[in-house]
Amino acid sequence: MTSVTTNQNVKRALIVIDVQNEYFTGNMLIEYPDPQVSLRNIGRAMDAAKEAGIPVLVVQHSAPESAPIFARGSQSWQLHEVVASRHADHRIEKNMASVFTGTDAAVWLQKNEITTISVVGYMTHNCNASTIYEAAHNGYTVEVLTDASGSLPYANAAGFASAEEIHRIYSVVFHSNFAAVTSTEEWISAAQAATPLAKSNVLESHLAGRQHSASQNGI
């Protein structure tokens, strides 16, 4: 059984995180889900938010002008046209992973009496994750549009993880405790109706995981 807030007076804000050219033509290329799909869904979510009267916060990551990625003022630093061409109620720049660090995001959310933040953008495992965890710890209800976000592959001394693995595993973890993971289609329906979305919990997720492992192993 999944858990869902009983508060029907959902006050959402859509947070659009770091949808910048860096992830499409720069040095950090999003691989999974298909970036053209996630871009299209980000645009759909922004359009739906505007139509439903949901405020939109657009976030842009900035690094020093000499940095190899997100160099402020560079073409790669610029917002992708899908986001740049659409309405935003508020825009912020950040230089850390979480949208809350060193910005007025928290003040803006409080001013607008937001109870639920809906996250789209990049990357699932980095800026999205940091924002999701901090928002959950600060009492917000959190939603993640899994097909309007994405990851890229990593390899380092700890090993290798594909973009698909990273995105999938983080999504499972989010849904176990921190955020309702949903599709853009499902989110638009909930946004139009101003209804909450369900997430799981740690114990339920663990027990379902054990059951899945047992079935896979023929136990």
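List of remarks:
- Residue check, Tyr140 buried (at least 22 other Cβ atoms within 10 Å of the Cβ) and at pLDDT 95 or above: no
- Filter result for Gln192 (surrounded by fewer than 16 Cβ atoms within 10 Å (Cβ to Cβ), more than 26 Å from Ser38 (Cα to Cα) and at pLDDT 95 or above): no
- Test: residue in the stretch 45-52 that is touching a residue at least 60 places away in the same chain (Cβ under 8 Å), outside any helix (DSSP H, G or I) and under 23 Å from Ser183 (Cα atoms): no
- Matching option when the condition is assigned to a strand (DSSP E or B), under 25 Å from Thr182 (Cα atoms), touching a helix residue (DSSP H, G or I) at 6+ places or on another chain (Cβ under 6 Å) and touching a residue at least 24 places away in the same chain (Cβ under 8 Å), among Leu57, Leu14: Leu14
- Count of residues meeting criterion [in a helix (DSSP H, G or I) and either in contact with a strand residue (DSSP E or B) (Cβ under 6 Å, 6 or more places away or on another chain) or not small (Gly, Ala, Ser) (or both)] in the stretch 120-163: 13
- The residue pairs whose first member lies in the stretch 108-124 and is more than 30 Å from Pro153 (Cβ to Cβ) and modelled with pLDDT under 95, whose second member is crowded, with 22+ Cβ neighbours inside 10 Å and among the aromatic types (Phe, Trp, Tyr), and whose beta carbons are closer than 6 Å, counting only pairs six or more residues apart or on different chains, do not exist in this structure.
- Enumeration of residues in the stretch 51-85 that are under 18 Å from the mean Cα position of the chain (by Cα) and over 20 Å from Val107 (Cβ atoms): Leu79, His80, Val82, Val83, Ala84
- Reported count of residues in the stretch 9-34, each being buried (at least 18 other Cβ atoms within 10 Å of the Cβ) and under 16 Å from the mean Cα position of the chain (by Cα), is 13.
- Residues that are among the charged types (D, E, K, R) and part of a helix (DSSP H, G or I) were ranked within the stretch 195-219; the one that is modelled with the lowest pLDDT is Arg210.
The values are calculated or read from the model by the stated rules, or taken from the named source; none is laboratory data. Because the structure is predicted, anything quoted here is derived from the model rather than measured. So basically every Cβ, Gly included, is an ideal-geometry build from the backbone, and we count neighbours across all protein chains shown.
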